[in-house]
Structures are given as C-alpha cells and as structure tokens.
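Report on one structure; see the data block that follows.
The values are calculated or read from the model by the stated rules, or taken from the named source; none is laboratory data. Please read all numbers here as calculations on a predicted model, not as lab measurements. Every residue, glycine among them, receives a Cβ derived from its backbone with ideal geometry; neighbour counts consider all protein chains shown.
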Amino acid sequence: MKKNSTNNLFKWMMMFTIFSTISSNSIMMIWIMIEMSNMAFIPLMMNKSIMNSESIMKFFIIQSMSSMTILLAIMFMYMKTLPMKMMITVMLIMKMGGVPFSNWLVMTVEGMNFNMMMILFTVMKIPPLMMMNSLNLKNNLLIMLSMVLSSLMMINQNSTKKMISYSSIFNLSLLMVSIMENKLWMQFLMNYTMMMWLLTKELEKNKMMNLNQMMINNKNLLTKMSIWISMMSMGGLPPLMGFVNKMLIIELLVKNNEFMLISSLILSSSIVMFMYMKYSLSCMMMSSLLPKINKKVYSTNFNMIILNSMILPMLMLSKTFN
C-alpha cells in the first residue's frame, strides 16, 4: 500500500470514527460510525495481491448484510415490538468474524498484508464492541464456542495469516467477556494491539507467509528470538505481555462466578499456547545458515524483546498501587 494523501485521508477518517464511537451514547450514532469505518477501511485494503479483489468483495458483502440486519433490529427495538438484542449480538459477532461466522474472516485475510490484518483484528473491533457495551450484550454460549473452536482450528495450520486469524478469534471471545467492565476491555485491547503489532511487524519484515519458513531460513539468532518472544506473548506465557490479559479475564470471571467460562478459557488457552510453542520452538531449535548477529537489526529486535518482556512487571506494579 502506497503512502499518499488519499490513504492518509482514509486513515484519519477511521481514527475519527473510532473516537466518535467511544464518546457517543447513541446506538444509531455508533451504527453510523461502524459504517464509516468500514467504508474507510475498504480502500486501505487494496494491494497488488492476486486474492485482494476477492477479499475486498467478501469483506464488503459480509459487512453490508450484517449492517442492514442490525439497522432493522435497532428499528424494531425502538418500536418495542420484538426483543432484538440477541439478533444484534449475533450480527455484531458476524461483523467481527467470531464463531460461527469465522470462515469469511480467515478467507479474507489471505488477500491482505500484515498491516491491514493488524488493523482489522484490533482497531476495527472497537465500534462493534462499543455497541455491545452500550446495549450490555453478552452470550456465554457463543463466547465458549469461540474459545474452544478457534483454538481447535489452530491445530495443524501452516499459514501464518490463518494462525493469527484463529488466534484473533480466540482473543475476540476474551474481549466479549471483558466488556462487563468498561476499563478492562479497553486495557485488554491496548495490550492485544501492542502484541499484534510486534508480531506482524516481525513477520512482515522477514516475509514469513508460511510457518515452514521459520524452520528453514537464514535469519540470525536475535531475529528468531524476537519472533519467538512475540509468539510466546501472543500465546500468553508468563512473564510476557500476553499473560496479563488472561490474568485480568480470569480475575473478572472469578468475581462473577463464571466457572464454566473459566474452564473453557483454561482448556482453549492451553491449546493456543501449545500451538504457538510448537512453531516458535521449531524456529529456535533449527540451526541458522547465518549464525552471526546482524548489527543493523540488533537494536530493533532487542528493543522488541525488552518491550514484550518488561510490560507485565510494569502493569502488575501499577495495578498494585491502584
């Protein structure tokens, strides 16, 4: 994606819709901001990939169908004719690519670059989550399905984009749990955005589209360690950044006596952790063709490792003093 004034305009438009959504109390205004963010995101998706046009069309069709259904549900809800909260919940989950509507998301990301993937998995989830938070929408059955099925679908995945997609679906279920508290889901999303940025930056820089490329490559040890640490953080291994998200969600579930959700979270997160460990350890154990450390990438990779490693102690310290 080229950097030009048009793309900058769409990026600023997207940021405007996000801040407007956060500061709005009207359901209709949030719906309008969701549509504006979608319209700003579609031009940013354009690249030279063969599957790009197909991905844009799938994204547009799914977003249009779910948006029209949400609009009708809001109208019926205002007329007080039918209880439509369940319909709105299902359509918002469809918009974000949650289970059982995750197939379109996995197919769409194949035609996108890593930067757009990061925006789709993080920033684009804010307006739908704000609507769920405003309407106090929550469905434990769909949350448990997202946790368990997304972790199972990660098994034996060979594409890095598909693996990250299923991981984002798993984290979406945790986000839907965290909307019970306003401050918690924003903190969760900020931490997840940082982890996603660190991982996608490394994968894009090293052009790792396939997980087999992690085992057979000529990258230096520090680059491999940076990818390894980022994957361990995404899996939630303590004392890395990703562990604080699971810690906060488990604390919230214990407070609300949601023991079924806790059991599902522990089971599914163990599977996700196993898959990230499988690929990252394979990357570390294979000998590199260039064992010497490249001085040009030393400082960047080392800083990313430190950022992933030190964020948890700092967050725990700030939570202690609060």
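Conditions tested, residue by residue: (1) modelled with pLDDT under 75; (2) surrounded by 22 or more Cβ atoms within 10 Å (Cβ to Cβ); (3) in a helix (DSSP H, G or I); (4) touching a strand residue (DSSP E or B) at 6+ places or on another chain (Cβ under 8 Å).
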position	(1), (2), (3), (4)
TRP197	no, no, yes, no
ASN217	yes, no, no, no
ASN245	no, yes, yes, no
ILE250	no, no, yes, no
VAL254	no, no, yes, no
SER280	yes, yes, yes, no
LYS292	yes, no, no, no
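Entry remark, region 1-46: residues being outside any helix (DSSP H, G or I) and more than 23 Å from MET57 (Cβ to Cβ) number 5 in total. Among the residues of region 50-73, those that are assigned to a helix (DSSP H, G or I), more than 21 Å from the chain's Cα centre (by Cα) and modelled with pLDDT under 85 comprise SER53, GLU54. Within region 141-159, take every residue that is crowded, with 21+ Cβ neighbours inside 10 Å and among the hydroxyl-bearing types (Ser, Thr, Tyr) and give me the one that is nearest to LEU253 (Cα to Cα). Here the residue is SER146.
For region 149-179, the set of residues classified as more than 11 Å from the chain's Cα centre (by Cα) and hydroxyl-bearing (Ser, Thr, Tyr) consists of SER150, SER151, SER159, THR160, SER178, listed by residue number. Has region 6-13 got any residue that is among the hydroxyl-bearing types (Ser, Thr, Tyr), in contact with a helix residue (DSSP H, G or I) (Cβ under 6 Å, 6 or more places away or on another chain) and in contact (Cβ under 8 Å) with a residue 12 or more places away in the chain? Taking every residue of region 6-13 in turn, none turns out to be among the hydroxyl-bearing types (Ser, Thr, Tyr), in contact with a helix residue (DSSP H, G or I) (Cβ under 6 Å, 6 or more places away or on another chain) and in contact (Cβ under 8 Å) with a residue 12 or more places away in the chain.
Restricting the first member to region 34-56 and to residues that are among the small types (Gly, Ala, Ser), and the second to residues that are not in a helix (DSSP H, G or I), the beta-carbon pairs closer than 9 Å and six or more apart or on different chains are SER49/MET112; SER49/ASN113; SER53/MET46; SER55/MET45; SER55/SER49; SER55/MET112. Inclusion of GLU110 among residues that are surrounded by fewer than 22 Cβ atoms within 10 Å (Cβ to Cβ), of a type in the set (Asp, Glu) and more than 20 Å from the chain's Cα centre (by Cα) is not warranted.
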